[in-house]
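Visitor: The structure under discussion is supplied below as structure tokens; questions concerning it will follow.
Nothing in this text is a laboratory measurement; each read-out follows from the coordinates by a stated rule. Because the structure is predicted, anything quoted here is derived from the model rather than measured. Here the Cβ positions follow ideal geometry from the backbone for every residue, glycine too, while neighbour counts run over all protein chains shown.
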Amino acid sequence: MPIARLAIVGGTGPQGRGLALRFATAGLAVVVGSRERAKAEGLVDAMRGAHPGLDLRGDENGAAIAGADVVVLALAPEGLAATLETLRDRLTGRLVIDVVVPLALRDGLAVHAPPAGAASAGELVQATLARSRVAGAFKTIPASQLLAVDRPLDGDVLICGDDAAARAEVAALVARIPALRAVDAGPMGNARAIEGITALLVNLNRAHRAHTSIRVLGLD
């Protein structure tokens with residue numbers, strides 16, 4: 001399916017802003033969504049000022065998804081369940097990419113902290129949006145790297161979900177961003193491990209003052 005417009009729900013956070021810049025740089029029209037339209041518009045004005053020529057605009061979350069070919073969920077974990085319920089009907093039939101990683105700090109370490117009633121954020125999204133085409137991706141790519149659009153990215157994007165066609169379409173999107181490789185990580189149950197890897201990467205970053213991502217070796 002040709003993809004021209006992409007909406008990012010909860011796009012005003014670092015991960016959402018970074019993905020917006022990367023996808024807009026790749027030639028897509030991107031709508032950054034927020035609970036407050038004015039907040040989204042103000043942020044996008046600043047982004048366009050720093051990066052002229054990109055097709056970016058801001059809007060309220062519900063309005064942002066209107067007409068979008070793909071919807072990215074970059075929500076804060078604590079607001080994920082409520083927002084999914086609000087947008088569920090409007091996301092019917094859409095390709096939805098979940099990038100949410102719920103983490104908590106315990107004894108000085110980041111740990112995977114799945115939402116209530118689910119083993120991972122990805123599984124919550126897939127169960128709630130049963131009439132959408134859901135895939136999880138970009139969970140191990142640091143927001144700091146995404147935001148640094150003057151520098152090439154490095155790493156693999158693990159894509160999971162129970163819809164194989166949705167995974168393939170997300171892989172094609174990943175291919176539009178230079179230096180990233182899409183890796184089909186199978187069913188959505190693997191989101192548990194992927195989100196756990198992100199907790200490990202956060203701990204490595206803090207211990208080594210680094211910005212780590214992952215690459216899977218041994219694949220063709």
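Visitor: Restricting the search to the stretch 173-190, which residues are touching a residue at least 60 places away in the same chain (Cβ under 8 Å) and part of a helix (DSSP H, G or I)?
Guide: L173, M188, G189
Visitor: Next question, about the same structure. Identify, from the list S132, S144, the residue that is buried (at least 20 other Cβ atoms within 10 Å of the Cβ) and of a type in the set (S, T, Y).
Guide: On the way: S144 fails: buried (at least 20 other Cβ atoms within 10 Å of the Cβ).
Being buried (at least 20 other Cβ atoms within 10 Å of the Cβ) and of a type in the set (S, T, Y) holds for just one of S132, S144, which is S132.
Visitor: Any residue at all in the stretch 191-212 that's crowded, with 18+ Cβ neighbours inside 10 Å, without any contact (Cβ under 8 Å) to a residue 60 or more places away in the chain, touching a helix residue (DSSP H, G or I) at 6+ places or on another chain (Cβ under 6 Å) and among the aliphatic types (A, V, I, L, M)?
Guide: No: the stretch 191-212 contains no residue that is crowded, with 18+ Cβ neighbours inside 10 Å, without any contact (Cβ under 8 Å) to a residue 60 or more places away in the chain, touching a helix residue (DSSP H, G or I) at 6+ places or on another chain (Cβ under 6 Å) and among the aliphatic types (A, V, I, L, M).
Visitor: Next up: Looking only at the stretch 1-57, count how many residues are among the small types (G, A, S), closer than 18 Å to V174 by Cβ, assigned to a helix (DSSP H, G or I) and touching a helix residue (DSSP H, G or I) at 6+ places or on another chain (Cβ under 8 Å).
Guide: The qualifying residues number 2.
Visitor: Would you point out the residue of the stretch 126-139, among those that are touching a Leu at 6+ places or on another chain (Cβ under 6 Å) and part of a loop (DSSP other than H, G, I, E, B), that is nearest to R181 (Cα to Cα)?
Guide: Restricting attention to the stretch 126-139, the residues satisfying the condition of being touching a Leu at 6+ places or on another chain (Cβ under 6 Å) are 128-129, 132-133.
From what is left, the residues that are part of a loop (DSSP other than H, G, I, E, B) are 129, 132.
Details: L129: 27, S132: 25 Å.
So, considering only residues that are touching a Leu at 6+ places or on another chain (Cβ under 6 Å) and part of a loop (DSSP other than H, G, I, E, B), the one nearest to R181 (Cα to Cα) is S132.
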